[in-house]
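A.B. asks: This structure is in structure tokens; I'll ask about it shortly.
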Amino acid sequence: DDRPARADALSYADFVYFMLAEEDKSTDAAMRYWFQCVDVDGDGVVDYRDAAYFYDVQARRMECLGHDVISFDDVLCQMSDLLGPESMRLPCCAGRAGELRLVLDDVMRKRDQAGVFFDALFSLDKFVAFEQRDPFADRLKRDDPFDCEWDRFAAAEYARLATEEDQAEEEAAAAAAAKAAAEKAREAKKVERAKAEAAQLAAAEQAATAARAAEAAKAAAAAEAAKAAESFKIFVRNVGKDGAPLEVTDAAGKAATKPLAAAKPGEAAGEGEFAYVTTGSKLTLRSGDWRVEVETYAMKEGGIGLAFPVQTPTTVEHAGKIVTLAAGAREAYAAPNGGFFWVKDPSSSPALKGAGVAAYALKDDEKARAAAAIAARAAA
């Protein structure tokens, strides 16, 4: 390239020199390069003002990236431990090291540690990596076969390029395989189309019967869907006597009723309220540490069914029969319209925790109100 070099741009040779100095700050050339960069006034001494000029930029970058900003005086205290120049051997006081006056010989004597000082001023990523370094990783670095940081960088870049090349080859192979599979699929589709056309001609006499069967199946499915989506109401009453309210929530954890107060002294039962639900829904009844679930389902022979899956031993009383369910059991019942189920904690005496549950079919004038209540609860 015969174009004249611009004063504000890096040439290729400049870039190579910069990369060598950036990736391996332990060489003599890198030490001189970065020292001259920091020595803003060119007096051969890096003082507090020189270093702070560059660190201010890094502090702003830390703040923008969400890192904890380390004050420059704290960094100087740390550098005094690493480099130990005469000018910084005064004790740290209020987070401030001694007056900074570094000369080139100071960093040349501690070439392995001086790179950290320059990283703090120029390379935020490397400085943060040093602050968060893993001691085990440092031990592995000392045992690796590389003689310097540049060799490590070159090996890592070579491995990255090799990986990218392998990925490109794999992607090309995958694209070729996909193209072949697509071509094969097109050929198979042609064969299938021919078979379908032949089958269509052969099945012309059966088309009317198949259409009628499909319509019948569609009507049955629609009826089943309408049945599954049927809404009804469940009356829940708090029959507990320990004063704890009974909370009624749906499968999404939203309140299906207000908290129902327990029975007061002399009362057989406390407050009760209707909850509108659809077939296949679930309610959770909770009073303190007692809890039971009520599942609704549509029975094949018609009508509503209620099931009680329990996590702890529970008694269910219905139609004069009492059944004790073990933990982990699930019992299902046909639920006649208005028939009560008394669900209680068998360990409570006398019936301190429990609920009464009854299902009711909706009248025509209630269905719109039920649908609105269910939709409002879902949107809450």
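The values are calculated or read from the model by the stated rules, or taken from the named source; none is laboratory data. Predicted model, so just to flag it, every value in this text is computed and none were measured. Positions of Cβ are backbone-derived with ideal geometry, glycine not excepted, and every protein chain shown enters the neighbour counts. We work out accessible area using only protein heavy atoms, side chains counted, and drop any ligands, DNA or RNA first. Shrake-Rupley method; radii C 1.70, N 1.55, O 1.52, S 1.80 Å.
Residues checked against (1) out of contact with any Phe, Trp or Tyr (no Cβ under 6 Å at 6 or more places or on another chain); (2) within 18 Å of residue 232 (Cβ to Cβ):
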position: 321; (1), (2): yes, no
position: 334; (1), (2): yes, yes
position: 339; (1), (2): yes, yes
position: 344; (1), (2): yes, no
position: 354; (1), (2): yes, no
position: 361; (1), (2): no, yes
position: 370; (1), (2): no, yes
position: 375; (1), (2): yes, yes
position: 380; (1), (2): yes, no
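A.B. asks: Residue under question is residue 117, and the condition is that it be at pLDDT below 75 and either more than 24 Å from residue 37 (Cβ to Cβ) or in a helix (DSSP H, G or I) (or both); does it hold?
C.D. replies: no
A.B. asks: Same structure again: Restricting to the stretch 336-354, give me the number of residues that are touching a residue at least 24 places away in the same chain (Cβ under 8 Å) and either over 25 Å from residue 261 (Cα atoms) or in a strand (DSSP E or B) (or both).
C.D. replies: 6
A.B. asks: Hey, can you tell me all the residues within the stretch 234-254 that are of a type in the set (Gly, Ala, Ser), free of Cβ contacts under 8 Å to residues at least 40 places away in the same chain and at negative phi?
C.D. replies: Selection gives 251 alone.
A.B. asks: Further question: If we keep just the residues of the stretch 318-333 that are outside any strand (DSSP E or B) and closer than 16 Å to residue 358 by Cα, which is farthest from the chain's Cα centre (by Cα)?
C.D. replies: Top of the filtered list is 320.
A.B. asks: Within the bounds of the stretch 120-141, is there any residue that is open to solvent by less than 80 Å² (accessible area, probe 1.4 Å), part of a loop (DSSP other than H, G, I, E, B), in contact (Cβ under 8 Å) with a residue 24 or more places away in the chain and out of contact with any strand residue (DSSP E or B) (no Cβ under 8 Å at 6 or more places or on another chain)?
C.D. replies: yes
A.B. asks: Further, regarding this structure: With respect to residue 14, determine if the residue is over 16 Å from residue 116 (Cα atoms), open to solvent by less than 90 Å² (accessible area, probe 1.4 Å), without any contact (Cβ under 8 Å) to a residue 12 or more places away in the chain and not in a helix (DSSP H, G or I).
C.D. replies: Judged against the criteria, residue 14 is not a match.
A.B. asks: Considering only residues that are open to solvent by less than 70 Å² (accessible area, probe 1.4 Å) and acidic (Asp, Glu), which ones fall in the stretch 341-380?
C.D. replies: 345, 366
A.B. asks: For residue 233, all conditions in the list (1) modelled with pLDDT of 85 or more; (2) more than 40 Å from the chain's Cα centre (by Cα) hold save one; what is the number of the exception?
C.D. replies: Result: residue 233 fails condition (2) only.
A.B. asks: Is there a residue being in a strand (DSSP E or B), charged (D, E, K, R) and within 42 Å of the chain's Cα centre (by Cα) anywhere in the stretch 358-371?
C.D. replies: no
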